[in-house]
Amino acid sequence: MFEFGRIQLRPFEMEDIENLHGWYNDDIVMLYSRGHPFQFKNKLLLKEEIEKKLKNKDKVLLAVELREDGRFIGITKYSLGEWGGVRSTSIGTLIGEKDCWDKGYGKEITLALCEILFMWKNYERLEAWSIEYNKRAHKVLEYYGFKKEGELRKSTYLNGRYWSWYAFGCLREEYLEIRDDVLKATLKDAYIEYCDFAQKLDTF
């Protein structure tokens, strides 16, 4: 388990599917996490899908919990591997509990992934995709050093119009330039706690 600020990340377990089933069938949640509402899934299909993902050694699926009470609020994921000789991975996050939106948890999850992948797993590049209208997600990514690198124009049709998907990328060197500042701003009182943890392995 990785404790970070107000959240903690742990391996996703099959018993978590009950919550995930509710989130995957909530159109508002899907609208902002996947950009594909009305993609309803029954528990059997969802279970088969998750079992396949958990058996895939090239993909990591994590549960996001609140440290204060262990409440399961979402999931995050990344892939393992490299492309063109560069250690690179794509990240994604879903906060399923809507009462946890707009409280900064998405920022902490994104920053936790940057720390894990850049500082602990030696990745050189992170990538993320976000649908055009999800400006909140764009701001979070850009705050942590991600830059818009491309656009899949008119690749999704929703509510009577076409929307594009944006590709964002961040290099480790770009993250390191802002690392200390964003850690202090995001973690606040928990900054010292994380520094103490990281210094044990001289990552600061």
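The values are calculated or read from the model by the stated rules, or taken from the named source; none is laboratory data. In this text, all values refer to a predicted model and were calculated from it rather than measured experimentally. Heads up, the Cβs are rebuilt from the backbone with ideal geometry, glycines too, and the neighbour counts pull from every protein chain shown.
Remarks
Matching residues to (1) in contact (Cβ under 8 Å) with a residue 12 or more places away in the chain; (2) over 20 Å from residue 199 (Cβ atoms); (3) of a type in the set (S, T, N, Q):
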position	(1), (2), (3)
110	yes, yes, yes
114	yes, no, no
126	yes, yes, no
132	yes, yes, no
143	yes, yes, no
146	yes, yes, no
149	yes, yes, no
156	yes, yes, yes
160	no, yes, no
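- Test: residue 168 is at pLDDT 95 or above, part of a helix (DSSP H, G or I), of a type outside the set (S, T, N, Q) and crowded, with 19+ Cβ neighbours inside 10 Å: no
- Which numbered condition residue 68 misses (of (1) within 19 Å of the chain's Cα centre (by Cα); (2) at negative phi): (1)
- Subset of the range 78-101 that is at pLDDT 95 or above and charged (D, E, K, R) - its residue that is farthest from residue 169 (Cα to Cα): 99
- Flag if residue 148 is over 16 Å from the mean Cα position of the chain (by Cα) and at positive phi: no
- All of 113, 126 fail the test of being over 21 Å from residue 25 (Cα atoms) and in a helix (DSSP H, G or I), apart from 113.
- Against the test of being assigned to a strand (DSSP E or B), under 26 Å from residue 142 (Cβ atoms), free of Cβ contacts under 8 Å to residues at least 60 places away in the same chain and not polar (S, T, N, Q), the options 92, 106 yield a single qualifying residue, 92.
- Members of the range 65-89 that are part of a loop (DSSP other than H, G, I, E, B) and under 20 Å from residue 3 (Cβ atoms): 67, 68, 69, 70, 71
- Qualifying position, being within 24 Å of residue 117 (Cα to Cα), in a loop (DSSP other than H, G, I, E, B) and of a type outside the set (A, V, I, L, M), among 41, 57: 57
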